Amino acid sequence: MPDQSRAGWPGRVAVAIVGSDPAQVFLATDEAVLSRVLALKVVARLDPALLSPGALQPIRDALLEERWADAVGEWIQATGEAIDAYPDEDVWSESRLDAEVAALEIRLQRIFDDPHE
């Protein structure tokens with residue numbers, strides 16, 4: 001059953017930026033899907049020879065137990081690589097912010113306040 005809070009999608013999105021070279025950007029409909037995609041597309045693709053057995057086993061266990069966020073956390077700890085995650089960001093579209101609304105709202109923004117008042 002679809003998440004009722006996402007019924008109006010697009011509107012919100014989960015984003016992750018993996019600080020590899022080149023950086024990788026992942027977009028998902030929510031945080032749960034984002035964790036799964038990071039586990040599959042980043043964590044599970046790591047060469048196991050790069051890790052000690054003590055660091056490798058907790059990652060494998062988390063993946064096999066489908067504890068996606070735990071697997072990502074173990075991967076970050078083991079590799080020292082950064083993942084910036086934004087679990088609930090706006091997706092802007094023409095229907096959410098058309099040119100007419102933007103032209104009206106821009107005039108109400110702080111930049112147009114009198115700095116001497």
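The values are calculated or read from the model by the stated rules, or taken from the named source; none is laboratory data. Remember, predicted model here, so these are calculated numbers, not experimental data. We place every Cβ from the backbone using ideal geometry, glycine too, and count neighbours over all the protein chains shown.
Data table
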| item | result |
| --- | --- |
| Region 18-58, residues that are assigned to a helix (DSSP H, G or I) and in contact (Cβ under 8 Å) with a residue 40 or more places away in the chain | E31, L34, L38 |
| Flag for G8 being at pLDDT below 95, of a type outside the set (D, E) and either out of contact with any His (no Cβ under 8 Å at 6 or more places or on another chain) or surrounded by 10 or more Cβ atoms within 10 Å (Cβ to Cβ) (or both) | yes |
| Test: residue in region 25-41 that is under 17 Å from R12 (Cα atoms) and among the acidic types (D, E) | yes |
| Residue match in region 64-81 (condition: of a type in the set (S, T, N, Q), loosely packed, with under 10 Cβ neighbours inside 10 Å and without any contact (Cβ under 8 Å) to a residue 24 or more places away in the chain) | no |
| Selection status of D114, assigned to a loop (DSSP other than H, G, I, E, B) and out of contact with any helix residue (DSSP H, G or I) (no Cβ under 7 Å at 6 or more places or on another chain) | yes |
| From D98, D88, residue being under 30 Å from S20 (Cβ atoms) and either modelled with pLDDT of 90 or more or out of contact with any His (no Cβ under 6 Å at 6 or more places or on another chain) (or both) | D88 |
| Pair list, Cβ under 9 Å, 6 or more apart: region 92-117 residue over 21 Å from R12 (Cα atoms), other residue modelled with pLDDT of 90 or more and surrounded by 10 or more Cβ atoms within 10 Å (Cβ to Cβ) | F112/I106 |
